[in-house]
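The values are calculated or read from the model by the stated rules, or taken from the named source; none is laboratory data. Source: prediction; values computed, not measured. Cβ coordinates were reconstructed from backbone atoms using ideal geometry, including for glycine residues, and neighbour counts include every protein chain displayed.
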Amino acid sequence: MIFRTATKADIAEIQIIRNSVKENILSNPDLVTDTDCLDYITKRGKGWVCEIENKVVGFSIVDLKENNVWALFVHPTYDKKGIGRQLHDKMLNWYFNQTDKSIWLSTTPNTRADLFYRKSGWIEIGVYGDGEIKFEMTFKRWINRNC
């Protein structure tokens, strides 16, 4: 397993992973364009990928402008191998090295992602969009998570 910064060359594989998930499915895959991905990993924030045998199997992207997690997905074939956890932690370590502002994300209720974020210390703060759960992570909670 290799974890590294996402690049423009990874976008095609990022899109494949995003559209292969079984939960938190995009209602219209055309709404997340390659240009959007490039903007988020080069201008708005940063992204990471996990590679196994030269194939991208998971990715995470954080947005510094809106202080949110734009994406964190692992291809279903590679679920439950700790990839999501490592991508999550790399992303939040980087984010909180840039700012001490709280970060938020949203996800569909009653999914594996919902449980993952709760176990990771995220706090539910409300509803977002069309019934998604809105979570928040504060700088203090992230820094003190292992104390």
Please state which one of ARG4, ARG112 is within 19 Å of ILE133 (Cα to Cα), in contact (Cβ under 8 Å) with a residue 40 or more places away in the chain and of a type in the set (Lys, Arg). ARG112
Look through ASN67, ASN93, ASN54, ASN110 and report the one residue that is at pLDDT 95 or above and on the phi > 0 side of the Ramachandran plot. ASN67
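Conditions (1) of a type in the set (Ser, Thr, Tyr); (2) crowded, with 16+ Cβ neighbours inside 10 Å; (3) in contact with a helix residue (DSSP H, G or I) (Cβ under 8 Å, 6 or more places away or on another chain), marked per residue:
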position: LYS43; (1), (2), (3): no, no, no
position: VAL56; (1), (2), (3): no, yes, yes
position: VAL62; (1), (2), (3): no, yes, yes
position: TRP70; (1), (2), (3): no, yes, yes
position: LYS81; (1), (2), (3): no, no, no
position: MET91; (1), (2), (3): no, yes, no
position: LEU105; (1), (2), (3): no, yes, yes
position: ILE133; (1), (2), (3): no, yes, yes
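One line per residue, one yes/no per condition, for (1) of a type in the set (Gly, Ala, Ser); (2) under 22 Å from PHE3 (Cα atoms):
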| residue | (1), (2) |
| --- | --- |
| VAL62 | no, yes |
| GLU66 | no, no |
| ARG85 | no, yes |
| ASN93 | no, yes |
| PRO109 | no, no |
| SER120 | yes, yes |
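Here are GLU132, GLU136, GLU124, GLU51: which of them is within 14 Å of the chain's Cα centre (by Cα) and of a type in the set (D, E, K, R)? Before you say what the answer is, go through the steps one by one.
Numbers: GLU132 fails: within 14 Å of the chain's Cα centre (by Cα); GLU124 fails: within 14 Å of the chain's Cα centre (by Cα); GLU51 fails: within 14 Å of the chain's Cα centre (by Cα).
Step by step, each of GLU132, GLU136, GLU124, GLU51 is checked, and only GLU136 is within 14 Å of the chain's Cα centre (by Cα) and of a type in the set (D, E, K, R).
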